[in-house]
Structures are given as C-alpha cells and as structure tokens.
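The values are calculated or read from the model by the stated rules, or taken from the named source; none is laboratory data. Just so you know, these numbers come straight off a predicted model, no measurement behind them. Here Cβ is always computed from backbone atoms with ideal geometry, including for glycine, and neighbour counts include all displayed protein chains.
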C-alpha cells in the first residue's frame with residue numbers, strides 16, 4: 001500500500017504522532033482530527049486515544065486485530081467502521097464518545113462490557129453476521145438509538161446491554177438467543193409501550209420473556225417462548241405457580257429470585273441449564289420438576305428453598321454449582337434417575353451438604 005496516499009482518501013498521519021512498540025500503538029501523541037493509523041499496527045493499547053476530544057475520524061490498518069480497554073473513551077469520534085480482522089472490542093473501548101453517530105462492526109465475535117456506554121448521539125449500529133455476544137452495559141444510555149437488529153448468530157446479551165436507550169422502540173432478536181441479562185432493555189421505548197405487556201403484567205419480545213410486574217397466582221408463559229431473561233420475575237411475591245411452554249430452552253440467572261409464594265414449578269424437556277440463583281429464596285417452593293436432558297444446575301439455583309423436601313434429578317446432569325442446595329434444610333429425599341456410577345460422575349461443587357445428606361435413591 002502507498003502510505004503517501006493515506007487510507008480512505010485521508011492524508012497520512014506522521015509517524016511522529018504515534019508511540020508504537022512492536023505492533024502495538026501505545027499512545028497517540030498528535031493533534032490531528034483525521035487519523036490514519038500506520039500499516040503494521042496490530043493492536044491499539046488501552047487508553048491510546050482516550051480523552052482525545054479533537055480526534056473525529058480514524059482509519060484502521062487491515063492487519064489490526066485488537067482494540068484495548070478504553071482505547072477511544074471520551075474521544076471526539078463521529079463515525080466508526082471496525083475492520084473485519086478484529087474479533088473482540090475491549091471494555092469501555094468507545095465509552096462516552098458523545099459525537100459518535102454511526103458504527104459498523106465487521107467480523108466481530110464479541111462486543112466487550114461498556115464498549116459504547118454513554119454514546120448519547122449514536123443512532124445507527126450495524127451488527128455483523130457471526131457476532132456471538134454483547135457484553136454488560138455495552139450500549140447502555142445510547143439515547144439516540146431507535147432500532148436494532150441482531151444477527152441469528154447472537155447467543156448472549158449481558159446485563160443492562162441496552163438499558164437506558166430511551167428511544168429504542170424497534171428490536172429484533174434471534175430465536176436462538178440463549179441468555180438475556182438482567183434489565184437488558186430497561187428504560188427503552190419498547191418496554192415502556194403497553195402493547196408489549198400482557199394482562200398479567202409480563203413483557204415479551206418475540207420468543208423471549210423480558211420482565212414482569214408481580215403477576216399473581218399461577219402464570220402460564222405464552223406459547224413459543226424460548227427464554228426467560230435474568231431477573232425477569234425477581235421478587236414477584238404474589239406468583240404461586242409457573243408453567244412453561246413446549247420448546248422452552250433457558251431459565252436466566254435470578255429469574256425467579258425471591259418469589260416467596262412460588263410453590264410449584266415444572267420445567268419442560270429441552271431445558272439444558274438452570275441459571276445462577278434462578279429459584280434462590282423461593283421459600284415456599286415444594287414441588288420442583290426437573291426434566292431429562294438438564295445438564296447444569298447453576299450456583300445457588302435453589303438456595304434457601306426452605307420447603308423443598310424432595311428432588312428428582314436426571315441422569316443427564318453433569319454439574320451442580322456452588323451452593324445450589326444451600327440452606328435447603330427440609331430436603332430429605334433425593335432421587336437420581338440413573339445408576340450410582342453415573343451419579344458419581346456428576347461434578348458437585350462445595351456447599352451442597354443439604355443435597356448430599358438426604359436419602360439417596362437410584363432409578364436407572
């Protein structure tokens with residue numbers, strides 16, 4: 001490439017404007033508003049352009065593979081195209097870039113925590129096919145963002161991922177999304193729209209259940225729902241029973257935390273994991289149906305379920321997390337739907353004495 005011609009039509013930036021060690025751009029030393037990063041740079045270090053409010057546009061080299069933590073935080077960037085060679089954007093990388101209006105992400109697999117937090121002018125984000133995860137608070141408080149369409153490849157949304165995006169009204173999520181973090185869309189125009197809530201006070205987005213406003217009695221999750229977001233029913237103290245539809249796939253972390261009146265739960269086949277603290281502090285829970293096919297019980301999943309007297313676990317189980325049955329003092333009978341040697345192969349983390357001290361029955 002002819003570096004004298006710059007990149008993307010921009011004039012080349014003098015080498016003296018950069019501190020470069022090996023292939024890492026350690027610090028931007030110049031005062032240019034349009035920056036062309038030299039060929040040969042493969043990594044932009046943490047805080048390299050942080051607080052450079054005068055930097056409005058950056059042309060990246062094709063060999064760039066990493067953008068570090070807070071690399072462009074509080075800079076004056078107006079638009080951004082992330083090259084295809086980058087698979088991960090670091091934490092806080094573009095935090096509070098208040099002039100940033102349009103972002104195109106190419107080839108990216110993961111957007112890091114707080115990556116675009118507080119980019120209040122950001123109105124357009126183009127997500128790439130192949131994106132797998134969006135981190136915690138990644139786009140929180142991007143108040144100008146009105147619509148998003150996530151590709152089918154996305155499997156995980158972190159806590160508060162789009163929280164506080166007040167104008168966000170149009171949201172398209174893939175059916176294969178497995179994890180939606182706590183309050184991922186809190187404070188958005190979508191959640192504020194009464195049309196997305198049912199009569200019981202539960203909010204849905206496509207095949208996903210986002211949150212609830214203390215529904216009473218026995219509640220049936222609507223057909224074709226695949227996931228319940230983290231924290232969705234947390235502290236819904238009037239909920240006494242929950243019914244899941246066929247095809248349901250995932251219970252988020254703390255999804256039913258503190259539902260103190262919840263007595264009966266039966267999960268359908270197809271659920272592979274019960275999230276961290278999913279039924280923690282459900283102090284009235286006495287009837288818990290766990291399906292064949294379940295592989296993981298998250299840490300503290302049934303912690304302080306004081307009235308749980310018996311539990312039946314499937315032979316598909318591979319891991320029981322820390323304190324999954326902590327303070328389940330009434331738990332007296334445990335049935336494992338498999339052979340003793342299969343039970344011995346299950347990884348059981350510490351603080352599960354209530355489970356291990358119960359009367360054990362094997363039913364191969």
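Across segment 114-128, what is the total count of residues that are in a loop (DSSP other than H, G, I, E, B) and touching a strand residue (DSSP E or B) at 6+ places or on another chain (Cβ under 9 Å)? So the count comes out to 7.
Whether any residue in segment 239-249 is under 18 Å from residue 302 (Cβ atoms), part of a strand (DSSP E or B) and at pLDDT below 95 is what I want to check. No, segment 239-249 contains no residue that is under 18 Å from residue 302 (Cβ atoms), part of a strand (DSSP E or B) and at pLDDT below 95. Tell me, yes or no, whether segment 139-149 has at least one residue that is under 19 Å from residue 196 (Cβ atoms), part of a loop (DSSP other than H, G, I, E, B), in contact (Cβ under 8 Å) with a residue 24 or more places away in the chain and in contact with a helix residue (DSSP H, G or I) (Cβ under 9 Å, 6 or more places away or on another chain). Checking segment 139-149: at least one residue is under 19 Å from residue 196 (Cβ atoms), part of a loop (DSSP other than H, G, I, E, B), in contact (Cβ under 8 Å) with a residue 24 or more places away in the chain and in contact with a helix residue (DSSP H, G or I) (Cβ under 9 Å, 6 or more places away or on another chain). Restricting attention to segment 255-267, which residues are closer than 18 Å to residue 313 by Cα and within 23 Å of the chain's Cα centre (by Cα)? Scanning segment 255-267 gives a single hit, 267. Here residue 157 passes the criteria (1) without any contact (Cβ under 8 Å) to a residue 60 or more places away in the chain; (2) closer than 17 Å to residue 116 by Cβ; (3) out of contact with any strand residue (DSSP E or B) (no Cβ under 6 Å at 6 or more places or on another chain) except the one numbered (3).
From the list 49, 60, the lone residue that is within 25 Å of residue 139 (Cα to Cα), surrounded by 14 or more Cβ atoms within 10 Å (Cβ to Cβ), modelled with pLDDT of 95 or more and touching a strand residue (DSSP E or B) at 6+ places or on another chain (Cβ under 7 Å) is 49.
Filtering 219, 204 for residues that are at pLDDT 95 or above, surrounded by fewer than 18 Cβ atoms within 10 Å (Cβ to Cβ) and part of a strand (DSSP E or B) leaves a single hit, 204. Between 325, 336, the distinction of being closer than 20 Å to residue 273 by Cα, assigned to a loop (DSSP other than H, G, I, E, B) and touching a helix residue (DSSP H, G or I) at 6+ places or on another chain (Cβ under 7 Å) belongs to 325 only.
Residues that are in contact (Cβ under 8 Å) with a residue 40 or more places away in the chain, more than 23 Å from residue 230 (Cβ to Cβ) and within 23 Å of the chain's Cα centre (by Cα): does segment 49-68 have at least one? Within segment 49-68, not a single residue is in contact (Cβ under 8 Å) with a residue 40 or more places away in the chain, more than 23 Å from residue 230 (Cβ to Cβ) and within 23 Å of the chain's Cα centre (by Cα).
Filtering 331, 294, 313 for residues that are crowded, with 16+ Cβ neighbours inside 10 Å, in contact (Cβ under 8 Å) with a residue 24 or more places away in the chain and assigned to a strand (DSSP E or B) leaves a single hit, 313.
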